[in-house]
Structure formats: structure tokens, C-alpha cells
Amino acid sequence: MSRRHFALALPSALLASGCAAPHQGIGRPGDPIVLTLLSHYASGELKEALQGPVNEWNATHDLVKVRTKAVEFTDLLTTLMVRQAAGQGADIVHPYCLWNGQLVRAGVLRPAPPEHAEEITRGYGKAAVGSASVGGKVYGYPTEVQTYALYYNKRLLREAGVDGPPRTWRELEETAYRTTRRDQYGNTLVQGFGLSTYDDSTTVGQTLALLNAAGGTFVSTDGRTTAIDSPAGRAVFDLEHHLVAKGASAPGVNVYQAFPSGQVAMVVSAGWWTTSLKTLMGKAYRDVGVAPVPVPEAHGKRATLSTGFMLGVNAACRHPREAWEFLRWLNTDRVGVKGATATRMSALQVSVGSLTGRADDMRTLLGRGGDPNLRPFLDALAYAVPEPNVPGAQQAKSLLRKNIEALWTGQQSVDEALRTTRRQVDQEVSHSW
């Protein structure tokens, strides 16, 4: 994507939120409306990638200007809630879709107008639309979409006599045990399968990807109970328990360091990791392969986890029509990108090694010299299951992580972990309505 920066000359008095400020600009007739956009694209290439099209909009639109604001991701939910309560919410917000139910309940998000909802439903994959919806209503344009797949080290598999990545859970276990290596003192040199308590992406994300692959779900369809205490949930917990008990997984190890160092043979993670692995591994990145998440039985129906972000309009925004028009321009207008055409948001995401939910854009852009390891994540857009985004979803996810870690570290049995998760999550999500 072109990273041209257009000159933007606005008097400082104009840079006020269209949602919170009592006047636009300095109050003179003809002053432009200034919309604020709050995201977690706070630094580096993400900040630059977003600022490029925003500068383009500002250079070509006289009546409506957009000003970006950013906080770190860890502060984003708190910032959204606190600023809204103080009447200082941004006009356009960029939340993690897991929080959408909570934000709708708190009156932060405005439903998309019918013409925009129709465009979103028509233009994006089912998982992306599901992530951007609450209670059957669409609330924004999906932006970054992450699907989960199996990363594997080709060299480690080859050295263990394994021809290719596993397709079933039985093959996954066999490959994990065959690739695990220890020194003469019993210390693990290579984990066969990377289970890690490092963060949500490796603890909860890969567990839910495996749960979806088994045909299970974390939260019930109505969002009021957990569904993990099921045959599919038990199968996932059993699989992870076996891998830890037999020494093929060491949950205390940070897989983000161990996999690039050749100390983990396989791990389930999201597509954003590919860009980081290229940088960290250099020439050794040629050993990295990506395959679909294995399914319990041969010929089973594929499924995995999808997470993502969306751009929506604040319910308190004083200029919603203009805000939605900017989002339509950013997310649906097609521009030239290296001889092809794609939306500005798709070009933005591909430029930083990510995907959007527009599979047609992704095939066009990735087909022109993109990383082939991104293709399994692109294919997964067709069968991924969106992360539940009911009102209590964030706390439910935290409770699930706590119990998964208790299982992995031997503090709970499979039965105890399932029962405790069901009790705690049921209480959380039922109280959130």
C-alpha cells in the first residue's frame, strides 16, 4: 500500500470531537466537521498504515475532517467505557469485537444504518459479519480479522520422520510425541506441541480453535450459558491434558520465543504472527509451514476460531451520517494497489501482514507476491467461527483462561476444570444481561 502522507493544515481549534465538543471548529459558518477516531493503532507501522488513508480523506474532503487518537490495546476497553461515561467518547471507535456486546449494552455503539448493514453483510465473510453484530444487528465495518491455524516447523517434523502436518487429532498427538526431544537429564529441548500460559492468544485462542474444530462452542446460542462442558469440550481438555502429562507440552514456556528458536514443533495461533516470525527468524523462516487446524476424525468438517476488530460509530456522535460515510469510503471504495484493486482497509491490513474479512480482496492482494503461509488463514475465513461477543464475554474469556491454566498445571482434573468453568462462566454471562 502506498504510504503517502498528504499535507494537512487545520487550525488547532478545529481539532475537537464531533461527539463531545459543544461547537465544531471555531464556530464560524462553513467550518468543517471534525470527527475523532479512537483506535489501538498507537505506534509503528499500524499507526502509519491508518494515518495514510485518513490523510488522503482530509486532503480530498473539505466539509468533514477526521482526527485519529490512539491508546495501547491494553487500555482500549477502559478508555472506551470511561470516556463514554464522561461524555467524551470519540465519534468513530475501533473496538475488539469480543467487547461488542458489552459496548452495546453500555450505549457506546450505534447500529449501522440499513444501507451500510446491507453492504457489510454482502461484502464480508460470515465470521466477520458475526463478529461485528450483536443480537442480529450489524454495528460496524469489520477491519482486522484473525483466523487460527496450525504453525509447524518443517525441519523438526522431517527430522522426526514425519512427512507433513497432522490432519487429525490422532496424528497431532503422534507427531507431538515424535518431535518432542529431551536431553540426558530429562530436560525438554523441543516441545512437540506448544501449549503456553503466556497470553490469551495461546491459552484461550488455540483451545477455542480446537473446540470449534471438534464441533463445539464456548457459549450457547442465546449467550446466557457456557457450552464447553460438552463431549467436544471434554475431548479438547483431554487432548491438552494428555499432551502435558506425557511431556509433549510445557505450558510455562513462552511459545512466542520458543517456536522461532526451533524449540517447538507445532502450535495453533493466529495469522498476525507470520509477519513477526519473518522478522525474528530471518532465513530460518523457510522452515515454517501453516496448515488448517486438525479435526478429531478424518474427513471431519473443518472449523476454527475467528477474532477481529471493527470500526463503528458512537451512539452519542452528533454527526453520524458523516461518520458512516467516512467508514464506507475507507472500507468499501476500491483503489489501485500494485496493479490490482482493493478497498483501502484491505490494502492497509495486508501492508502490515494481516487480513480483512473480504476474501476477494485478500485473494487479489495475496496472489501478488504475498506470503503463502497466509493462505490457510485466508481459506479459514470460509469456515471460521467468530469469538462469542455476548455482554460478559471478556470476563468469561478470563475465567476460561484461568481454568485452562489450572488444568495444564495439574491443579485441576479434566472433570474439575469443566465443572468449574461451567459454574463460573454461567454466573458471569447470566449476570451480564
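Within the set F193, F218, F237, the sole residue that is within 24 Å of the chain's Cα centre (by Cα), open to solvent by 10 Å² or more (accessible area, probe 1.4 Å), modelled with pLDDT of 90 or more and of a type in the set (F, W, Y) turns out to be F218. Is it the case that segment 258-274 has a residue that's closer than 30 Å to G52 by Cα, in a strand (DSSP E or B), outside the structural domain of E45 (by the TED database) and under 20 Å from the mean Cα position of the chain (by Cα)? The answer is yes; a qualifying residue exists. Of the residues making up segment 336-349, those that are open to solvent by 40 Å² or more (accessible area, probe 1.4 Å) and at negative phi are G336, T341. The set of residues from segment 229-254 being of a type in the set (V, I, T) and free of Cβ contacts under 8 Å to residues at least 60 places away in the same chain comprises just one member, V236.
Of all residues in segment 360-377, those being surrounded by fewer than 19 Cβ atoms within 10 Å (Cβ to Cβ) and in a helix (DSSP H, G or I) number 5. Scanning segment 152-166 for residues that are touching a strand residue (DSSP E or B) at 6+ places or on another chain (Cβ under 7 Å) and either surrounded by fewer than 18 Cβ atoms within 10 Å (Cβ to Cβ) or in a helix (DSSP H, G or I) (or both) gives K154, L156. Selection within segment 292-335: residues that are among the small types (G, A, S) and either in a loop (DSSP other than H, G, I, E, B) or touching a Ser or Thr at 6+ places or on another chain (Cβ under 6 Å) (or both). The member of this set that is surrounded by the fewest Cβ atoms within 10 Å (Cβ to Cβ) is A298. Within segment 378-399, restricting attention to residues that are assigned to a loop (DSSP other than H, G, I, E, B) and not hydroxyl-bearing (S, T, Y), the residue that is most open to solvent (accessible area, probe 1.4 Å) is A382. Scanning segment 258-276 for residues that are at pLDDT 95 or above and surrounded by fewer than 21 Cβ atoms within 10 Å (Cβ to Cβ) returns A258, S261, G262, Q263.
Among the residues of segment 73-95, are any farther than 23 Å from E325 by Cβ and in contact with a Pro (Cβ under 8 Å, 6 or more places away or on another chain)? The answer is yes; a qualifying residue exists.
Given the condition at pLDDT 90 or above and either open to solvent by less than 30 Å² (accessible area, probe 1.4 Å) or assigned to a helix (DSSP H, G or I) (or both), answer yes or no: does some residue in segment 181-189 qualify? So far as segment 181-189 goes, no, none of its residues is at pLDDT 90 or above and either open to solvent by less than 30 Å² (accessible area, probe 1.4 Å) or assigned to a helix (DSSP H, G or I) (or both). Filtering A209, A258 for residues that are closer than 28 Å to K301 by Cα and hydrophobic (A, V, I, L, M, F, W, C) leaves a single hit, A209.
Total residues in segment 54-82 satisfying the condition of being surrounded by 13 or more Cβ atoms within 10 Å (Cβ to Cβ), of a type outside the set (D, E) and more than 13 Å from S39 (Cβ to Cβ): the figure is 8.
Rundown of residues vs (1) assigned by the TED database to the domain that holds D91; (2) modelled with pLDDT of 95 or more; (3) among the hydroxyl-bearing types (S, T, Y), yes/no style:
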{"site": "P320", "(1), (2), (3)": "yes, yes, no"}
{"site": "E325", "(1), (2), (3)": "yes, yes, no"}
{"site": "T343", "(1), (2), (3)": "yes, yes, yes"}
{"site": "S354", "(1), (2), (3)": "yes, no, yes"}
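The values are calculated or read from the model by the stated rules, or taken from the named source; none is laboratory data. This one's a predicted model, so the numbers in the text were calculated from it and none came from an experiment. When we count neighbours, we look across all protein chains shown, and the Cβ atoms used for this are built from the backbone with ideal geometry, even at glycine. To get the accessible areas, we keep the full protein, side chains included, count just its heavy atoms, and leave off ligands, DNA and RNA. Shrake-Rupley method; radii C 1.70, N 1.55, O 1.52, S 1.80 Å.
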